[in-house]
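One structure below.
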Amino acid sequence: MFRRPPILHCRNCGGAVVYRVPDDGDTKPRAVCTLCHTVHYENPLNVVGTVPHLDGRVLLCKRNIEPRWGKWTLPAGFMELDETTAEGAARETDEEAGARIEMQALFSVINVKQVGQVHFFYRARLLSDAFAPGVETIEARLFTEAQIPWDEIAFRTVRDTLRHFFDDQRRGHFGMHHFDIG
Ligand SMILES: [Zn+2]
């Protein structure tokens, strides 16, 4: 998704921030306030989502937002501070697809080092094939493996998760897939 812009102002006092290695034995440049000397640590963000499925088909959402407007994705988004990974994944599925689901096991965990993100996808059993897409979604639709628009998938984490899902489905056993991208 996005690479984060640098921090410009201190969250503590609003002062200007510079990137430098702090004096406390740290080894990485950090955003350090020039006035109150607060060090602002930046860490990876969690993206949480689901693989909603029904009778061997998977639910995809056509994005109504940038980046990748008009491309297809699994329901997923940034985890909020007051929720667990599974709660966030269920919330995103409701917001983006209006889908009724039963959450299942964690299915993929993907490090996307280049943009400082970790993506978590849970399998989720659809309780109905009626969807009510939110404002971020143009269309929500079920796809068989043969129908998946592989060249129109918004993100590599989604494409790889879908490939693992259909491979596992064919084998009749769902594993947990942990891998790294870029
Ligand atoms: Zn400050």
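Solvent exposure of the chain amounts to 55 Å² per residue of accessible area, where only protein heavy atoms count and the probe is 1.4 Å.
Annotation: the antiparallel percentage among DSSP beta bridges lying fully within the chain is about 65. Note on Leu54: accessible area approximately 40 square angstrom, rounded to 10, probe 1.4 Å, nucleic acids and ligands left out.
Quick one, can you get me the convex hull of the C-alpha atoms of the chain expressed as volume per residue in Å³?
Details: hull volume 24.8 nm³, N = 182.
Measuring per residue, one finds 136 Å³ for the Cα hull of the chain.
From largest accessible area down, sort Glu66, Glu139, Glu83; use a 1.4 Å probe on the protein chains. Numbers along the way, then the final one.
Values: Glu66 130, Glu139 60, Glu83 25 Å².
My answer, sorted largest first, is Glu66, Glu139, Glu83.
Here's the list of lysines a cross-link from Lys28 could span, going by alpha-carbon distance under 23 Å and ignoring same-chain residues fewer than 8 apart: Lys113.
Taking N as the residue count of segment 74-182, its C-alpha radius of gyration divided by 2.2 N^0.38 Å amounts to 1.05. Would you mind getting the Kirkwood hydrodynamic radius of segment 51-110 from its Cα pairs, rounded to one decimal in Å? About 12.5 Å, per the Kirkwood formula over Cα pairs. Here segment 1-41 yields Rg over Rh of 1.00, to two decimals, using C-alpha coordinates and the Kirkwood radius.
Computed over protein heavy atoms with a 1.4 Å probe, the carbon and sulfur contribution to the accessible area of segment 48-144 reaches 50%. Counting heavy atoms of the protein chains alone, Cys36 has an accessible area of about 50 Å² for a 1.4 Å probe.
Sorting Phe143, Phe78 by solvent-accessible area of protein heavy atoms yields Phe78, Phe143, largest first, with a 1.4 Å probe.
The values are calculated or read from the model by the stated rules, or taken from the named source; none is laboratory data. The model shown is predicted, which means the values in this text are computed figures rather than measured ones. In case anyone asks, the SASA skips ligands and DNA or RNA and just uses the protein heavy atoms, side chains included. Shrake-Rupley method; radii C 1.70, N 1.55, O 1.52, S 1.80 Å.
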